[in-house]
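Take a look at the structure set out below.
Just so it is clear, none of the values below were taken in a lab; they were calculated from the coordinates. What you are looking at is a predicted structure, and each value in this text was computed from that prediction instead of being measured. Positions of Cβ are backbone-derived with ideal geometry, glycine not excepted, and every protein chain shown enters the neighbour counts.
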Amino acid sequence: MSIEPYGLGAQAKRARLLPALDALTRFHYARCEPYRRAVDAAFGGLNEAPYASLEDLPFVPVSLFKRRDMRSVGEADVYRTLTSSGTTGQAVSRIFLDRETAALQGKALVRIMQHFLGKDRLPMVILDHEGVIRDRESFSARGAGILGLMQFGRQPIYGLRPDMSFDYEKVTEYLTAHAGKPVLFFGFTFMVWQHAIEALRLAGKRLPKTAGLLLHSGGWKKLENVRVDAESFKRGAQEWLGIHRILNFYGMVEQVGSIFCENDAGSLHAPIFADVIVRDPFTLRPLPAGQPGLLQVLSALPMSYPGHSLLTEDLGAILGEDDPATGMLGRFFKINGRAPRAEIRGCSDTYEGQ
């Protein structure tokens, strides 16, 4: 955690990350029976010798967390349970955190966000309603995201009412009170579009311009359905929210803390304690940079559950590594969308009007 989150080149990063993930694989294999069965079935067990590369490490499909309770600690050690997003009738993932894992994931998130936000806490507008985080012991992915990022705000307010209508007077008054200061806005992508940007546009009202930042994630599937791409989203945020700096990130409840933020070139970037691999959807062999396939995400953070090496249902492609143009080391990549027949599961994709 003392190293800059994008401060290790490819060789130095793998020299640290590979043994950490090898150790986590063996730890979870010994302590989580469903994980052990999955690895035995798919890989014939573990290598006796240490794994030679990240690509050689066993992985499990992220959907396994919807079908089994995957934890490597005793039930009494579970400090918090997170659940993934899911539409009505869908199974959801259950992620069991002990205090050590929750603390580690929290520290990692702080290191990543400080790279983009600085160390000072900013006035914050959460583009959601307060009821989402009412239960502090069992969170949805949406609530966990809000609570995790709230720590970067000072005197945060919620910009939406319980009925999801935009509280223009409240937000305008807050921005006026913090005039001349950077303000952090946070929300899930489709909800920001529908309940903030579109709501303001339809009402013909604009927020005062701020020197702030909009941080958003997830929900692109529904935006694609209404023909809103990333550039349209950014233009809408600039025009109606008065924000000119916009930062998207990719993450999931199964790997809280290991988020992949956009670099200055608009690509998603892996921090030092996480990485990505792209695999052929049919053979599952790793693919070289530039070739699209299924995204595998790796993280050295999950201690209480085997979420350290997961094959997602997202399609993407690695674009490069250690890019001098952005000044950020590590792999950077893009997301191409969901795999065919994969469930919609993003926090704002699954929002149905709570």
In nm, spacing of pseudo-spin labels at residue 289 and residue 69 (7 Å Cα→C-beta vector): 4.5 nm
For residue 209, list the aspartates and glutamates whose Cα falls under 14 Å from its own Cα; do not include residues on the same chain fewer than 8 positions away. 173, 239
Dipole of segment 103-250 (Lys/Arg Cβ +1, Asp/Glu Cβ -1, origin at the Cα centre): which of 180, 215, 228 lies farthest to the positive side? 180
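Net charge around residue 323, counting only other residues with Cβ within less than 11 Å of its Cβ (Lys, Arg = +1; Asp, Glu = -1)? Display every interim value, and only then the final one.
Working: positive: 331; negative: 264, 321, 322.
Charge balance in the 11 Å sphere: -2.
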If exposed GluC sites (Glu not before Pro) are those in a DSSP loop with at most 10 other Cβ within 10 Å, what is the longest stretch of the chain that has none? 138-351
Give the shape of segment 1-53 as rounded, prolate or oblate, defined through the alpha-carbon gyration tensor: a ≥ b ≥ c are the square roots of its eigenvalues, a/c under 1.5 means rounded, and otherwise the shape is prolate if a/b is larger than b/c and oblate if not. prolate
Is the shape of segment 1-129 rounded, prolate or oblate, going by the alpha carbon gyration tensor and its root eigenvalues a ≥ b ≥ c, with a/c under 1.5 for rounded and a/b larger than b/c for prolate? oblate
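Starting with the fewest neighbours, write out 53, 2 ranked by other beta-carbon atoms found within 10 Å of each beta-carbon. Walk me through the intermediate numbers first.
Values: 53 10, 2 5.
Placing the least packed residue first, the sequence is 2, 53.
Within 10 Å of each residue's Cβ, count the other Cβ atoms and sort 63, 304 from fewest upward. Working shown, then result.
Numbers: 63 16, 304 26.
So the residues, fewest neighbours to most, are 63, 304.
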Between their Cα atoms, which of 66/107; 66/119; 119/170; 13/181; 66/334; 66/170 are more than 29 Å away from each other? 66/119; 13/181; 66/170
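Run the dipole for segment 103-250 about the Cα centre, Lys and Arg Cβ at +1, Asp and Glu Cβ at -1, nothing else charged, and hand back the magnitude in debye, nearest 20.
Computed charge dipole of segment 103-250: roughly 380 debye.
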If you restrict to DSSP beta bridges whose two residues both lie in the chain, what percentage is antiparallel, to the nearest 5? 60 percent
Computed over the chain: relative contact order in percent, which uses C-alpha pairs under 8 Å that are six or more apart: 21 percent
For segment 103-250: rounded, prolate or oblate by the Cα gyration tensor [a/c cutoff 1.5]: rounded
Under a plain spin-label model, where a point goes 7 Å from the Cα along Cα-to-Cβ, how far apart in nm are residue 56 and residue 150? 4.5 nm
